[in-house]
1. Could you tell me which numbered condition V82 fails, if it satisfies all but one of (1) more than 21 Å from V175 (Cα to Cα); (2) within 11 Å of the chain's Cα centre (by Cα); (3) aliphatic (A, V, I, L, M); (4) crowded, with 21+ Cβ neighbours inside 10 Å?
2. If we only count helices (runs of 4 or more DSSP H) wholly inside the stretch 1-70, which ones have 2 or more residues that are under 23 Å from the mean Cα position of the chain (by Cα), loosely packed, with under 15 Cβ neighbours inside 10 Å and in contact (Cβ under 8 Å) with a residue 24 or more places away in the chain?
3. Looking only at the stretch 148-167, which residues are buried (at least 21 other Cβ atoms within 10 Å of the Cβ) and more than 13 Å from the chain's Cα centre (by Cα)?
4. When you scan the stretch 219-245, how many residues do you find that are among the acidic types (D, E) and not in a helix (DSSP H, G or I)?
5. If the Cβ limit is 9 Å and pairs must be 6+ apart or interchain, which residue in the stretch 160-188 that is in a loop (DSSP other than H, G, I, E, B) pairs with which residue that is polar (S, T, N, Q)?
6. For S107, work out the one condition from (1) at pLDDT 95 or above; (2) part of a helix (DSSP H, G or I) it doesn't fulfil.
7. Would you be able to tell me the number of residues in the stretch 189-218 that are aliphatic (A, V, I, L, M) and either in a loop (DSSP other than H, G, I, E, B) or assigned by TED's automatic domain parsing to the domain that holds L148 (or both)?
8. Is there a residue in the stretch 145-158 that is in contact with a Phe, Trp or Tyr (Cβ under 7 Å, 6 or more places away or on another chain), in the same structural domain as Y130 (by TED's automatic domain parsing) and assigned to a loop (DSSP other than H, G, I, E, B)?
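The values are calculated or read from the model by the stated rules, or taken from the named source; none is laboratory data. A quick note: this is a predicted structure, and the numbers were derived from the prediction, not measured. Methodologically, a virtual Cβ is constructed for each residue, glycine included, from the backbone with ideal geometry; neighbour enumeration extends over all protein chains shown.
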Amino acid sequence: MAKSDQYILIDDQVLHRIIAYAGLRKSDVVLEIGAGTGVLTEKLAERAERVIAIESDPSFVRLLDQRFKNTDNANNTKNPNVEIVHGDALKIEFPRFNKIVSNLPYSISSQITFKLLEYPFETAILMYQYEFAKRMAASHGSKDYGRLSISVQYKTNVELLEIVPATAFSPEPSVRSAIVRLTMRAPEYDVLNYDFFSKFLNAVFAQRRKKLRNSIKSFADIGGMDIPEGLLNMRPEELPAYRLAEISDGIYSHLSGE
């Protein structure tokens with residue numbers, strides 16, 4: 001039984017494809033967020049050196065303990081390479097890992113994605129609500145393009161691998177889902193201050209239908225700055241990320257006197 005928005009993946013074919021997408025090696029340490037009943041956890045443990053399975057719901061934690069800790073042999077455990085962590089993934093520090101494979105609770109998709117981007121990793125295979133996944137992968141000029149797209153793509157390559165129907169889960173969610181692969185890489189452009197850039201993106205995309213001239217006014221005083229009229233008359237969704245970064249850097253330098 002799913003708790004809140006946590007849906008259990010029951011389609012074996014989808015499960016096998018997730019494992020294949022992850023390209024697991026025996027040396028991998030895998031982070032799983034929202035382990036649920038442990039169906040995915042078990043498959044990960046068969047292929048990885050170690051699995052860190054995080055679950056916040058006490059009833060699921062009990063199931064995980066029974067599945068991976070209990071054994072008829074008092075001297076051994078069934079899966080010694082599975083570490084079950086009972087906690088809120090948004091509040092705890094993650095141990096070292098190099099891959100993430102998770103069927104995420106959809107209500108924390110945005111928060112947990114931004115948190116994961118603070119950690120170095122190689123690859124993440126993540127299940128999201130399809131609409132959220134589209135926003136992650138969106139390019140400029142699209143109505144789905146925004147702060148999420150730019151922030152995730154700043155540090156990773158984003159691939160929308162497949163759409164997953166509701167019938168693959170129990171109970172069935174009211175939305176379609178999607179499997180996304182994030183591959184960590186060096187940024188394709190530099191920013192002077194990433195925190196400032198993030199705040200700038202929040203400000204301009206909060207008023208995405210307004211021209212930059214108007215949305216920037218609520219963020220900073222740009223009097224005396226030489227920003228081309230053509231840019232100020234555009235909406236944020238029309239500009240590629242590196243151009244928005246250039247504008248943000250200009251404002252940061254203007255305000256800080258650098």
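1. (2)
2. Values: elements: 12-22, 39-47, 58-68.
It comes to none.
3. V164, the sole residue that qualifies.
4. 2
5. Partner pairs satisfying both residue conditions: P165/S177; P173/Q129; V175/Q129; R176/Q129; R185/T156; R185/N157; E188/Q153.
6. Just one mismatch for S107, condition (1).
7. 3
8. Yes, because at least one residue in the stretch 145-158 is in contact with a Phe, Trp or Tyr (Cβ under 7 Å, 6 or more places away or on another chain), in the same structural domain as Y130 (by TED's automatic domain parsing) and assigned to a loop (DSSP other than H, G, I, E, B).
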